[in-house]
1. Give me P(r) over the chain, computed from all C-alpha to C-alpha distances, binned every 5 Å, as integer percentages.
2. If I model a spin label at Lys150 and Lys57 as a point 7 Å from the Cα along the Cα→Cβ vector, what separation in nanometres do I get?
3. Per residue Cα convex hull volume for segment 117-179, in cubic angstrom?
4. Just grab the label-to-label distance for Ser249 and Arg236, each label 7 Å out from Cα along the Cβ direction, in nm (one decimal).
5. How large are Rg and Dmax for segment 198-260 when calculated on the C-alpha trace, in angstrom?
6. Roughly what would the spin-label model give for Asn29 and Gln182, points 7 Å off Cα along C-beta, in nm?
7. Based on the mean of other beta carbon atoms within 10 Å per residue, what is the order of 203-210, 151-158, 47-54, most packed first?
8. Normalised radius of gyration for segment 154-236, please: alpha carbon Rg relative to 2.2 N^0.38 Å, two decimal places.
Amino acid sequence: MTGVAPFLTVAMLMPLAVLSAPAQVRDANAVLAPSRERIETADYRASGHLVRIDENKVRTSYSINIKAHWFPGVLRALVEVTSPVQARMHILLEMRPNGKSTIQIARPGDALPVALPFEKWKEGPLGTGFSYEDFLETQYYWSRQTVLEKKKFGARDCNVLSSIPGAGDKTHYSEVKTWFDQSIGFPVYVEKTLLGGTVKEVTYFGLRHTGGVWSASQIETKTRGHAGSSLLILDRGTAKANLSAKDFSPAELTHFQDSK
């Protein structure tokens, strides 16, 4: 399971021009409500693999553990890359709806975690397919949210939502478009446009309902126009992990099990 874990032109806006602004806001808030509720009630652990498949179909796989918990005003998520040994690191992501999100990283031997500079947020532990920023999922709280249309994705009836950051939002994306399944309110497909125009296509597979929470067992990202892909595969987890502040403390972030 995962909680983590996903362009607006004048032509796109024209069909919506006849609607009043308050109606658009109400519609967008209704579409976003299930995702915001999942974030603001998060308390989970999960483990699996982060996999990169290059243009020659060569696979590189990292084992990862993820845990996340919502505290008042902030979602804290700790991503642990546990193998291979040379790649081990811990990543603490703090997502705040007010845009003041932070990312810290610790590696074996570090006495204290180090803040990741914003310019490196678009990088990732295994390339840019899943960037550090992608684990934050801040787009659900950006200031401009617009329901563009109702559209099918495969067999699923979806609401397509455009999320555009405001001046106070820290992000390398100019827009995120999300296809939400109308019946469960969960994202099934996302297009993320980077500031330079590159588009990431994110598809959610293996949707399941466990412990009252919808999640995906696999998330795939592809860069439009490029070969290769990245996968986040979640093998197991629990939706109610009873986590506390100590699970995200500096001591926890810098603690690494000895490698065998």
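1. The distribution over the chain is 1, 6, 13, 17, 20, 18, 13, 7, 3, 2, 1, 0, 0, given as percents.
2. Label-label distance for Lys150 and Lys57, simple model: 4.1 nm.
3. Details: hull volume 5.9 nm³, N = 63.
Spread over its residues, the Cα hull of segment 117-179 gives 94 Å³ apiece.
4. So the label points at Ser249 and Arg236 sit 2.7 nm apart.
5. 16.6, 43
6. Result for the modelled spin labels: 2.2 nm.
7. On the way: 203-210: 14.9, 151-158: 12.8, 47-54: 18.5.
Ranked by mean Cβ neighbours within 10 Å, highest first: 47-54, 203-210, 151-158.
8. Values: Rg = 14.0 Å, N = 83, 2.2 N^0.38 = 11.8 Å.
Taking the Cα Rg and dividing by 2.2 N^0.38 Å, one obtains 1.18.
Every number in this text was worked out from the coordinates using simple rules, so none of it is lab data. Every value quoted in this text rests on a predicted model; they were computed, and no experiment measured them. We place every Cβ from the backbone using ideal geometry, glycine too, and count neighbours over all the protein chains shown.
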